[in-house]
Amino acid sequence: MPNTIITFDLCALIIAASFLIIFLIRQPLMIFQDKVFLNIVVATVIIDLGSVIDSSGLIRSAQGLFLLRNIIIALFFYTMFLWPLYFAALFNFKLSLRKLKPAIIILILAISALLVINFFTKSLFFIDQSLRYTETRLFKTIYSVALAISFITATCFFIPARGYASIENTFIYIFVILSCIVTLLVENIFLNEEIFPLTISISIVSIYFTMPAPESFVDRMTGLFNEEGFNKLCAKKISGKRKTYCIAVCLHDAKIVTAFVQRDRTKMVTEIKKRAFENLLKNSLIFKFFPGTYLIVLDKEDENFANTVLKKAHEIFTNFRTGKEKSILIPATVSLICCPEQASSTDEIKAYLMHILDKGIKENLSLVKSQDLPVETIHFLFNTQNLLNNAEEEGRLKVLYQPIYSLKTKTYDTAEALLRMTDKNGNVIGPSVFIPISERNGSILELENFMMNEVCRTFTERHLGSYGLQSIGINLSSVECIQDNLRDTINGTLKKYSLPHSCISIEITETAAGQASESFNANIQALSQDGYSICLDNLGTGNTSLKKLMSIPFNIIKIDKSIVIPSFSGGEKEKVLFQSILDITRISKAKVVIQGVETAEGAETVSKLDADYIQGYYYSTPLEEDEFEEFLKKNRLPGSI
């Protein structure tokens, strides 16, 4: 045999075998698409190995070569069957090994029949006494027809998907098909040598490098599958006709978990997985969606089994504790979700998880039954979540500004920025609705980045400082406050707009401050040292100890309207409570803002108190950018430009 044939076969073998090893080391998810790809690679390695043995002349008997060629040809036909399956999975067509078993059996029987017939008739190929391998015209015809059917079938899967297929997937399809066609033409017209195995090996390489990394489907903190992993492994399953039962596990205070993980990450993950999930079900898939929210996808369709698992999960998480020496109780809510009846997409699953968590926290429930999950509420959350996805690109986000009155200067030298979102019809969706959703699905970071940039842009472009405005308050969520790059992000934004740090006041709600972790406190301390004012917002709405609040370097404290308004018209208790809170804030030496002043009587009462600022509708409603600038012009500080 010519040395060039051995070289081609050897190159093909080295490439295919190398990427088989790399693929297995990579630990793929082994979804249907991965399983088909693995079968293609294994079959290709065996074909290439057989071709190398054949080309090298190691086998010196006609019977041995004949057997080897039977194996190679059988695997060739098998790979022709696998390639269309791979493209079907690549383009998100619903296929399963269970449904394909009859087709695989028929294929095996057909190949076996052809090879048996050839054994007796030599009508397809034969090995002569000089050990020369020869293919008949009939074999070449069958081979060409099989290739054509394989290409046409793959194309039938590609055509409906071309509108939504990614650039990478489209490239793979075109590259593989064109490479095979060109190779066959070159083989038969010019070389008269087999280089097709080398082309298949190169196709395998191109597919491998466009495959997403398995680690992108896994949550780094827990080692569980993440939302992307759920899309890959279960999206088709939950949208199918057959029932799929899922157990939702929602930890009420994920920040306790986060704080514990920061101290001993390995220990916490081991506890969550082994004490809870792995002991619950060994064959089911477990996913982490957003902090503290998990989904167990059961491997059985039995409703009784699902309810048994739900009961067991309820027992585990009712008294779930973390830590040994300092055991911390983590309240949780569990629930059963039936797909596709209740949810048939990833976004609907997320909407259910949010509602289960909200209901569990608000009503202190450890178990939420399926009938307690109103479809209307789930659809509303689902729609709101979808609206959040492209809100900035579609121009449905805007920042409003509420001026804050200074009792000392008798004018407005500060304001609070408020984020608003509208639906596609222009209807306003309140922050109390979309902010909690954005905190859980992770989009809160994008929203707050948009808000920070908008505030800084407005401050600079509108020259608000020339009207006497000294600072604008921006509320940061607890999610934002624990980000490692928080300090750099905020400093970078102000540098971009050439603004001093004193122009921005960082507002944190009492609830967020009460859940402060080590990273939270470190970030706030760093921002305070950088010259930002730190403001405690909505004092009186949470149950945080004063000791914990006083440990954070607040320059400004806002007393919530839920404390202020009752003191105007309520009894003696309400007035005493309000005055006590006011006295405590004075001890901290922070500036005090009274919120919720909406009437002239309220304004007159508050103006007599020992406060610094008043905020409320009596002085101004939240204003759009143009209106805010005009308001400042009319109420500018004496002597300002």
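The values are calculated or read from the model by the stated rules, or taken from the named source; none is laboratory data. It should be emphasised that the depicted structure is a prediction, and the values quoted were computed from it without experimental measurement. Cβ coordinates were reconstructed from backbone atoms using ideal geometry, including for glycine residues, and neighbour counts include every protein chain displayed. Just so you know, the surface numbers come from the protein's heavy atoms only, side chains and all, with ligands and any DNA or RNA stripped out. Shrake-Rupley method; radii C 1.70, N 1.55, O 1.52, S 1.80 Å.
Descriptive notes on the structure:
- Solvent accessible area, Å² - Ile159, 1.4 Å probe, full protein context: 80
- Largest-first ellipsoid semi-axes for the range 68-178, taking √(5λ) over the Cα gyration tensor eigenvalues, angstrom: 32, 16, 10
- 3J(HN,Hα) from dihedral phi, the range 352-366, Karplus parametrisation 6.51/-1.76/1.60, rounded to Hz, x for glycine, proline: 5, 4, 4, 5, 4, 5, 4, 5, x, 6, 5, 9, 6, 9, 9
- Rounded if a/c under 1.5, otherwise prolate or oblate - the range 410-524, Cα gyration tensor axes: oblate
- Part-to-part distance (alpha-carbon centres) for the range 590-641 and the range 474-498, which is given in Å: 27
- Probe 1.4 Å, all protein chains present, accessible-area order of Lys633, Lys608, Lys300, largest first: Lys608, Lys300, Lys633
- Panel values: the range 12-65, Kirkwood radius from alpha carbon pairs, Stokes-Einstein at 10 °C and 1.306 mPa s, translational diffusion coefficient 128 µm²/s.
- Pairwise FRET efficiency - Arg162 versus Ser562, Cβ, R0 = 51 Å, nearest 0.05: 0.35
- Among beta bridges that DSSP assigns inside the range 398-510, antiparallel share in %, nearest 5: 60
- Each semi-axis of the equivalent ellipsoid for the range 366-462 is √(5λ) with λ an eigenvalue of the Cα gyration tensor; in descending order they amount to 33, 17, 12 Å.
- Cα-projected label distance for Ser370 with Ala103, points at 7 Å along beta-carbon direction, nm: 3.2
- Orientation-averaged projected area, Cα convex hull of the range 445-487 (nm²): 3.3
- Using the alpha carbons alone, the radius of gyration of the range 17-143 stands to its Kirkwood radius in an Rg to Rh ratio of 1.03.
- With the simple model of a label 7 Å out from the Cα in the direction of the Cβ, Ala213 to Leu184 spans 3.8 nm.
- Counting only protein heavy atoms and a 1.4 Å probe, the range 418-501 has 44 square angstrom of accessible area per residue.
- Distant-in-sequence amide H partners of Ser505 (H built 1.01 Å from N, under 5 Å): Ile472, Gly473, Ile474
- 5 Å binning of all Cα-Cα separations within the range 325-421, expressed as whole percents from 0 upward: 2, 11, 15, 13, 11, 10, 10, 10, 8, 5, 3, 1, 0
- Solvent-accessible area of the range 425-519 (1.4 angstrom probe, protein heavy atoms only): carbon and sulfur portion equals 48 percent.
- Whole-number D in µm² s⁻¹ for the range 461-535, Kirkwood Cα-pair radius fed into Stokes-Einstein, 37 °C, 0.692 mPa s: 254
- Stretching the chain fully between Glu301 and Lys496 yields a gain of 64.6 nm (0.36 nm per residue, less the alpha carbon separation).
- Of the solvent-accessible surface of the range 48-158, computed with a 1.4 Å probe and all protein chains present, 72% belongs to carbon and sulfur.
- Area accessible to solvent at Glu446, 1.4 Å probe radius, in Å²: 120
- Subtracting the Cα-Cα distance of Met550 and Ile71 from their residue separation scaled by 0.36 nm leaves 164.7 nm.
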